[in-house]
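Structure first, commentary second.
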Amino acid sequence: MDIGESFVELPRVTSTHSRVTYSNLIQIADNLDFRNPIFHGKAKRNRSLGSAQAFVVELALSDTAFRDRLKKYMIGGGAKFVYMSDYMDRY
């Protein structure tokens, strides 16, 4: 079984792009300041990669302009996408 990448297959998690993305997320996780008011009302987090990913996604999705830009990549222009915030979010 060949576990290498080829031009036919989708890139694996260890591709250069993914390594750079994960490196950036690790830096975000290492530098999060949970005293920042943006974290008030959020579930308790830690500095793990998963928490950093979740926070970046939540922060991006809370931005209306980002959501509007994101819809161009969705099926049907995002017509069926309904943004919901968590009951704990305080914006």
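Nothing in this text is a laboratory measurement; each read-out follows from the coordinates by a stated rule. Owing to the predicted nature of the structure, the values given are computational and were not obtained by experimental measurement. In this analysis, Cβ positions are derived from the backbone assuming ideal geometry, glycine residues included, and neighbour counts consider all displayed protein chains.
Sorting 58-68, 20-30 by average packing, meaning the other beta carbons within 10 Å per residue, from highest down gives 20-30, 58-68. Here each label is just a point 7 Å from Cα along the line to Cβ, and for F66 and N24 those points are 1.1 nm apart. L59 versus Y73, label points 7 Å from Cα toward the beta carbon: distance in nm? Result: 1.7 nm between the two label points.
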